[in-house]
Amino acid sequence: MTTGNSYDDTTNTMSVGVIDDCLGATSAVTHIHATHLVIQNVTDLIGWQARLNYIGDKMRPQGQNAAPFVDNNTAQNVGFTNLPIDQTTFVHRDVTAAASIPPAPADGSNTPQTALIGATYNGTQDFAISPDTPAKSVPDDSSYSAPIGGVVTELTLQVVGNETGQSLVMDLDDNSPNPPGSAVVIFTSSGTQSMNLPESALRDGRHEEGGVC
């Protein structure tokens, strides 16, 4: 869901509401839903990737936007990955997003599929340009705020055909059974470090087609 998540370009602040992992709605034809992928409790983020497992002819990822908000002061698209303002150029860093999403299988085939999405900010890495949520006790940078989490991407989910009465699951997963799994890359005093995320740190999404959550 995207409800409760926002960006304020007057203060360069990203706000995350109550995380809602279920959507109840009704449609009997192929349609899409926008949802936010949120990250919390991360320090000095450079980039991230998310492993998604799902039934491809029921509900599948169609695409992503790793900078779904607009900063009208810099005329740039912004997500949590590039939320800080570079104090050399006084603009946000650009973001490079990547996705490996297989085509939808034949409707009614009940085919398991897996996809990998991710993004990173561009340019030289350092502590100040690598966002934190919540802020450190002594912040590296005061150009942004994301006190309770950040939106790393807006993920478009496609419901394929008539799935009325179905509980459709998007499994945010670790590296088992499909490596590589969900992970973050952070900046440290010795350089970059990749951290694989365990299942306990991940939260799935669900869509009750024609039902309630």
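The values are calculated or read from the model by the stated rules, or taken from the named source; none is laboratory data. Given the structure is predicted, the values throughout are model-derived calculations rather than measurements. Cβ: placed from backbone, ideal geometry, glycine included. Neighbour counts: every protein chain shown. Each accessible area value is taken on the protein alone, full model and side chains, heavy atoms only, with ligands, DNA and RNA left out. Shrake-Rupley method; radii C 1.70, N 1.55, O 1.52, S 1.80 Å.
In the elastic network of the chain, a GNM with C-alpha springs shorter than 10 Å, the most mobile of Arg93, Arg51, Arg203 is Arg203. For the chain, a Gaussian network of Cα nodes joined below 10 Å ranks Ser167, Ser143, Ser27 by mean-square fluctuation, and the top entry is Ser27. I need the Debye-formula profile for the range 143-206: one equal scatterer per C-alpha, no solvent, reported as log10 I(q)/I(0) at q = 0.17 1/Å, two decimals. Evaluating at q = 0.17 Å⁻¹ gives log10 I(q)/I(0) of -0.88. Note on the chain: Kirkwood hydrodynamic radius from all Cα pairs is 17.8 Å, rounded to one decimal.
With R₀ fixed at 45 Å, the C-beta to C-beta distance from Cys22 to Asp94 puts the FRET efficiency at about 0.85.
At a 1.4 Å probe, what is the % contribution of carbon and sulfur to the accessible area of the chain?
On the way: 5220 of 10030 Å².
The C+S portion of the solvent-accessible surface of the chain is 52 percent.
In a GNM of the chain with a 10 Å cut-off on Cα contacts, which of Thr120, Thr153, Thr96 has the highest mean-square fluctuation? Largest GNM mean-square fluctuation: Thr96.
The convex hull defined by the C-alpha atoms of the range 116-164 has an orientation-averaged projected area of 5.8 nm².
Stokes-Einstein at 37 °C, 0.692 mPa s, Kirkwood radius from Cα pairs: D for the range 1-91 in µm² s⁻¹? Spell out each step's value before the answer.
Values: Rh = 15.6 Å.
D = 211 µm²/s.
Gain on full extension, evaluated as 0.36 nm per residue between His31 and Ser6 minus their Cα-Cα distance, stands at 6.6 nm. Solvent-accessible surface of the range 9-142, averaged per residue with a 1.4 angstrom probe and all protein chains in place: 46 square angstrom. Across 5 Å bins from 0, what is the distribution of all Cα-Cα pair distances for the range 45-167, in whole percents? The distribution over the range 45-167 is 2, 11, 19, 18, 14, 11, 9, 8, 5, 3, 1, given as percents.
Normalised by residue count, the range 106-213 yields a Cα convex hull volume of 163 Å³ per residue.
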